[in-house]
Amino acid sequence: MDPAPAPHQQFLGFARLQDVIIDPDRLAADGQIHRADVGDTPSGKNDAGYLLRPDGSGWVINFKADGQPIPFQPELARPLTPAEQAQLETQRQAWCQQQVERQAAAIQDALARWEAAHPPQDFPYLQQPQLDPAGLRQGRAQLLVPMLAVDAAGEPAWVGAQRINWAAPGQSPDKRFVVAPPLEAPLPSSRSTAPTSKPPCGLMRQRARPTMW
C-alpha cells in the first residue's frame, strides 16, 4: 500500500502526540468517526477515536484523557520549538508525579483496609455456591479480595483490592475494584505534529506485604 499523503502523515503524528494510535493502513479520510487505540498496550484498544476529512482537517479524542475532541488543521502543523519541548516535558513529569502519588494513596488505602479486616464470617457471597475463603478478608460489610501483579523483579506486588458488598443470599452484590491507576499516560495536549520518543510513565508497584493471607 502506498504511503499516506504528507497531510495525513502530519495527522498521524499529531494523533500520536495525544497518545492516540492509528493504523496508517486503515486511516480513512472520509469525514466519518473511526475508532483508534490509546498507547501501544492491549488495555487501550478502541479507547480513542478520530475524524479526518478529505481536506486534511479533523480531530482526535482520547477517552482515557479528558475525552474531548482535539482539533487538527494541517496548515497549523509545525515542529515543536526547544522551549515548547521543554514545557511539554515539564508537564509530562508533573503528570507522572501526580499519578505516582495517586497510585501510592490507592495502594495504602487498600493495605489499611486489609490490615483492619478479619477472616470472613458467614459472608453470603461465599455461601451460594460454597466458596473457599482462603486468602480473603472481611472488613465491616465488605469482602476484600487482594489484587496483585508481578513486578519487574518477578515478585508479587500489591496494587489494590476488590470490595464485594454484603448482600442477602440470592441477591447480586455490588462489586468495586479499587486499584492503583496505571501510569501509562498520554502526553499533554499539543497542536504540534512533531513526533516524540518519550516513553510513558513507568508503572510503580508497592512491595508492601499484608500480615496475613
* Asked: Which FRET efficiency, nearest 0.05, do L148 and D109 yield, Cβ-Cβ r, R0 22 Å?
  -> 0.90
* To do: Would you work out which of A167, Q127, P146 lies farthest towards the positive end of the dipole of the range 90-179, given +1 charges on the beta-carbon of Lys and Arg and -1 on that of Asp and Glu, about the Cα centre?
  => A167
* Asked: How big is the Rg/Rh ratio for the range 6-77, C-alpha atoms only, Rh by Kirkwood, two decimals?
  -> 0.93
* Give, in nm to one decimal, the length gained when the segment between Q68 and Q128 is fully stretched (0.36 nm per residue of separation minus the Cα-Cα distance). => 17.2 nm
* Structure fact -> Answer in debye to the nearest 20: the dipole magnitude of the range 90-179 about its Cα centre, from +1 Lys/Arg and -1 Asp/Glu charges placed on Cβ, is 280
* Asked: Each label point is 7 Å from the Cα along the Cα-to-Cβ direction; what then is the distance between the points at D30 and S172, in nm?
  -> 3.6
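Coordinate-derived values only; no laboratory data. Values in this document were obtained by computation on a predicted structure and should not be read as measured data. Don't worry about glycine lacking a Cβ; one is built from the backbone with ideal geometry, like all the others, and counts go over all protein chains shown.
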